[in-house]
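Sharing a structure here in structure tokens format.
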Amino acid sequence: MTNSIEEIEGADCILIIGSNTSIAHPLIATRVSRAKARGAKLIVADPRKIPIILQSDLHLQQNLGTDVALINGLMHIILKKGWQDQVFIDERTENIEALKKVVENYPPEKVSEITGIPVADLEKAAEYYAKAERASILYTMGITQHTTGVDNVKSLANLAMLTGNLGKESTGINPLRGQNNVQGACDMGGLPNVYTGYQAVIDQAVRQKFEEAWGARLPDKIGLTATEMFPAVLDGKMKALIILGENPVVSDADCLHVEKALKAIDFLLVIDIFKTPTSDLAHVVLPGAAFAEKEGTFSNTERRVQLLRKAVEPPGESKPDWQIIQELSSRFGYPMDYASPRAIMEEIAKLTPSYGGITYDRLQGDGLQWPCPNTEHPGTKFLHQGRFTRGKGLFSAIEYKPAAEIADEEYPFQLTTGRVHVHYHTGTMTRNSPSLEREISECFLEMHPEDAVELKVADGDWVVIASRRGAVSSRVKLTDAAGRKTVFMPFHFLESRANILTNPAFDPIAKIPEYKVCAVKIQKMDPSDKSILSSASAH
Amino acid sequence: MEFKTVLTSCPYCGCGCGLLLEVLDGKLVGTLPSKTSPVNHGKLCVKGWTVHEFVTSPNRLTKPMVRKGDTLQESSWDDALNLAATRLKEIKEKYGSDSIGVLTSAKCTNEENYVLQKFARAAIGTNNIDHCARL
């Protein structure tokens, strides 16, 4: 997030786009409620009627994968009405002319046709957002999990810069991160192109610093992303994988493909706290410790580094993952001998400018938000005050491109995926929590009642959902949450793996798959007859 | 009976709510929201309130396992770690560093992510390291 969670309360307008906030980030949704109570305007842009629209002033129900057209349309109106922040544009940005040229081609009527949003609502949304003193954007995977994910994010950056909503309190572009420590895993260099703190592996001076600190020659070539690794296994280029606490057999797009790759690989090592469909394919499985059984730090979505404290001992012979990794490393021939997570953080702080001032002693209270370059620094509540990292903020002129897979005659429905309130990702944790599993224990496919009439299915009936990649079965839940021919499925359930269906086509820059749009066909199913399913899955 | 609460951070979403784990005689028995956390101000969602349940699940992995034919069988730490290190070394020697990939975890700590990427880069010698940020 460019800004902090508490600042959401102070916004005068909040635009939530591609985020099912009250389901996926409940405690951030409470801040939105408080802002509303203060009189803030709330715009929710989402293809489904998600719970938070009950609090909204305006729900923009865009067609799947049309976010760039929507955002360009809002900027078109803002520029036509002269609601842009000219002082901010002049002083802090560049390339506005290129943006204006592209946005000119997105008049409300055309945008309404692409997105399905009425012109009057587009105008109202542009007015609420642009006229607010402080406007904040919240987004999640509904924006990023597209073949145009980078375009979508850059478009939001354009909108925020055009109206001067960056670099000050209660504004910003705020991705709500989905995993407790996905921010930290990125910060720590768990990415193929950067070391800790986003220091590039191709930068020679940086590489030299790490070579000296680690006493090893380091590779200068950018590595493969997760989405590239599984195809590399099937191509015979990748022979071994180490997977720590992930479950790609359920979580990855086109997951039958992932399963095939993991069955073919020479060696698979999995470290996890539970047996998963991924660990079932491993050659060696090592039992890790859960969050309650070890020390360390997590970095949350507002860049706040917080302490994890040990409450109980790990069960049986399981042990903290950092110990497992260093024992493996030592046996591999590269000795590691950290006494504690605290000692590891001391090394991180030395090598990472944005974590330079982070020490366990300083984290005892509320934690610290990076950038925190030295031990005197109080941490950073919001980014980009006065200047952007690159100097001036760069407007990107972006044209709308449709999703990679559009519904057609053979696959007439569009499927989108997401979460439910009681489950989390592939369910490894929540489905092992009896209270949560009791609430929702099986998958469902949300379908518009009028589509159900055509397919002759009733609420609770079983259907087979098939895409070009495979098929799954699920019960149907009738709702008008999404428009006609748009269906929704959560991806938590191994029994009805939504990701068998999803499209692995990915964004050319971020390499993120298009989980949020794929084309499917749906057929009523006799639940006693699984033959249709197995033949489709074998595809 | 000995009871204590331990202030820590929730392992579910990116909010990073503060919570107090309730420990009775060395066993995790419940979860309470932290009233002093800058994130959640004494509130938790339904997943947060029940976070102790998965930790104490009888389905947790408790022993290393190695594959013998079609099944995974329990093993000692020594055997499992030696097998993993040996196989990885063999593959590195035969096919090169870039024939190995590493998926680190958005559910693990900063320190664990740091040591795993260090292992990938300095020990194996590859930048093939990523995690589920895209998923």
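The values are calculated or read from the model by the stated rules, or taken from the named source; none is laboratory data. Small disclaimer: the values here were computed from a predicted structure and weren't measured. Neighbour counts are summed over all protein chains in view; Cβ atoms, including those assigned to glycine, are modelled from backbone coordinates with ideal geometry.
Give the stretch A:239-258 a look and list any residue that's touching a Pro at 6+ places or on another chain (Cβ under 6 Å) and free of Cβ contacts under 8 Å to residues at least 60 places away in the same chain, or say none.
Scanning the stretch A:239-258 gives A:Val249, A:Val258.
Within the stretch B:1-31, count every residue that is of a type in the set (A, V, I, L, M), more than 22 Å from the chain's Cα centre (by Cα) and within 22 Å of A:Ala289 (Cβ to Cβ).
1
Something else about it: Being within 21 Å of the chain's Cα centre (by Cα), part of a strand (DSSP E or B) and either in the same structural domain as A:Asn63 (by TED's automatic domain parsing) or crowded, with 21+ Cβ neighbours inside 10 Å (or both), is that true of even one residue in the stretch A:418-432?
yes
Separate question: Among the residues of the stretch A:64-86, are any in the same structural domain as A:Leu162 (by TED's automatic domain parsing), of a type in the set (S, T, N, Q) and free of Cβ contacts under 8 Å to residues at least 12 places away in the same chain?
The answer is yes; a qualifying residue exists.
Against the conditions (1) of a type in the set (S, T, N, Q); (2) out of contact with any helix residue (DSSP H, G or I) (no Cβ under 9 Å at 6 or more places or on another chain); (3) in the same structural domain as B:Gly16 (by TED's automatic domain parsing), where does B:Thr50 fall short? Just the number, please.
If we test B:Thr50 against (1) of a type in the set (S, T, N, Q); (2) out of contact with any helix residue (DSSP H, G or I) (no Cβ under 9 Å at 6 or more places or on another chain); (3) in the same structural domain as B:Gly16 (by TED's automatic domain parsing), just (2) comes out false.
Of these, A:Glu295, A:Glu302, which one is surrounded by fewer than 24 Cβ atoms within 10 Å (Cβ to Cβ), more than 27 Å from A:Ser496 (Cα to Cα) and in contact with an Asp or Glu (Cβ under 9 Å, 6 or more places away or on another chain)?
Only one candidate qualifies: A:Glu295.
Here is a yes/no grid of residues against (1) within 14 Å of another protein chain (Cβ to nearest Cβ); (2) closer than 26 Å to A:Pro175 by Cβ:
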{"residue": "A:Gln369", "(1), (2)": "yes, yes"}
{"residue": "A:His384", "(1), (2)": "no, yes"}
{"residue": "A:Leu394", "(1), (2)": "no, yes"}
{"residue": "A:Glu399", "(1), (2)": "no, yes"}
{"residue": "A:Ile406", "(1), (2)": "no, no"}
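In the stretch A:294-341, which residues are over 30 Å from the mean Cα position of the chain (by Cα) and β-branched (Val, Ile, Thr)?
Listed by number, the list holds a single entry, A:Val312.
Conditions tested, residue by residue: (1) surrounded by 24 or more Cβ atoms within 10 Å (Cβ to Cβ); (2) at the interface with another protein chain (Cβ under 9 Å from one of its Cβ atoms); (3) at negative phi.
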| residue | (1), (2), (3) |
| --- | --- |
| A:Arg217 | no, yes, yes |
| A:Asp220 | no, yes, yes |
| A:Thr227 | no, yes, yes |
| A:Pro231 | no, no, yes |
| A:Glu259 | no, no, yes |
| A:Ile271 | yes, yes, yes |
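Of everything in the stretch A:192-221, what is acidic (Asp, Glu) and either assigned to a helix (DSSP H, G or I) or in contact with a strand residue (DSSP E or B) (Cβ under 8 Å, 6 or more places away or on another chain) (or both)? Give them in sequence order.
Listed by number, the residues that qualify are A:Glu211, A:Glu212.
Follow-up question, since we're still on this one. Do the conditions hold for A:Arg475, that is, is it part of a strand (DSSP E or B), free of Cβ contacts under 8 Å to residues at least 60 places away in the same chain and not hydrophobic (A, V, I, L, M, F, W, C)?
So A:Arg475 passes the test.
Turning to a different aspect of this structure: From the list A:Ala482, A:Ala505, exactly one residue is under 24 Å from A:Gly149 (Cα atoms) and either out of contact with any Lys or Arg (no Cβ under 9 Å at 6 or more places or on another chain) or of a type in the set (Ser, Thr, Tyr) (or both). Which is it?
From the options A:Ala482, A:Ala505, the qualifying one is A:Ala505.
Continuing with this model, one more query. With respect to the numbered conditions (1) touching a helix residue (DSSP H, G or I) at 6+ places or on another chain (Cβ under 7 Å); (2) in a helix (DSSP H, G or I), which one is the sole condition not fulfilled by A:Leu15?
Against the list (1) touching a helix residue (DSSP H, G or I) at 6+ places or on another chain (Cβ under 7 Å); (2) in a helix (DSSP H, G or I), A:Leu15 comes up short only on (2).
Got a sec? Which of A:Ile243, A:Ile202 is closer than 22 Å to B:Ala106 by Cα and either at the interface with chain B (Cβ under 8 Å from one of its Cβ atoms) or not hydroxyl-bearing (Ser, Thr, Tyr) (or both)?
Matching residue, one of A:Ile243, A:Ile202: A:Ile243.
So which residues in the stretch A:316-337 are in a helix (DSSP H, G or I), within 7 Å of chain B (Cβ to nearest Cβ) and over 16 Å from A:Met188 (Cβ atoms), if there are any at all?
Hits for the stretch A:316-337 are A:Glu327, A:Leu328, A:Arg331, A:Phe332.
For A:Asn300, all conditions in the list (1) more than 8 Å from chain B (Cβ to nearest Cβ); (2) touching a strand residue (DSSP E or B) at 6+ places or on another chain (Cβ under 8 Å); (3) on the phi < 0 side of the Ramachandran plot hold save one; what is the number of the exception?
Result: A:Asn300 fails condition (1) only.
Under the condition of being in contact with a His (Cβ under 7 Å, 6 or more places away or on another chain) and under 25 Å from A:Ala11 (Cβ atoms), which residue from the stretch A:154-198 is nearest to the other protein chains (Cβ to nearest Cβ)?
Of everything passing the filter in the stretch A:154-198, A:Leu176 is nearest to the other protein chains (Cβ to nearest Cβ).
All but one of (1) part of a helix (DSSP H, G or I); (2) crowded, with 16+ Cβ neighbours inside 10 Å hold for A:Glu450; state the number of the condition that does not hold.
Condition (2) is where A:Glu450 drops out.
Continuing with this model, one more query. Tell me, yes or no, whether the stretch B:122-130 has at least one residue that is more than 7 Å from every other protein chain (Cβ to nearest Cβ) and without any contact (Cβ under 8 Å) to a residue 40 or more places away in the chain.
yes
Say we look at the stretch A:489-501 and pick out the residues that are buried (at least 22 other Cβ atoms within 10 Å of the Cβ) and among the hydrophobic types (A, V, I, L, M, F, W, C); which of these is nearest to A:Pro449 (Cα to Cα)?
Checked the stretch A:489-501; the qualifying residue nearest to A:Pro449 (Cα to Cα) is A:Met489.
All but one of (1) buried (at least 22 other Cβ atoms within 10 Å of the Cβ); (2) more than 8 Å from chain B (Cβ to nearest Cβ); (3) in contact (Cβ under 8 Å) with a residue 40 or more places away in the chain; (4) more than 16 Å from B:Phe119 (Cα to Cα) hold for A:Pro353, so report the exception by its number.
(1)
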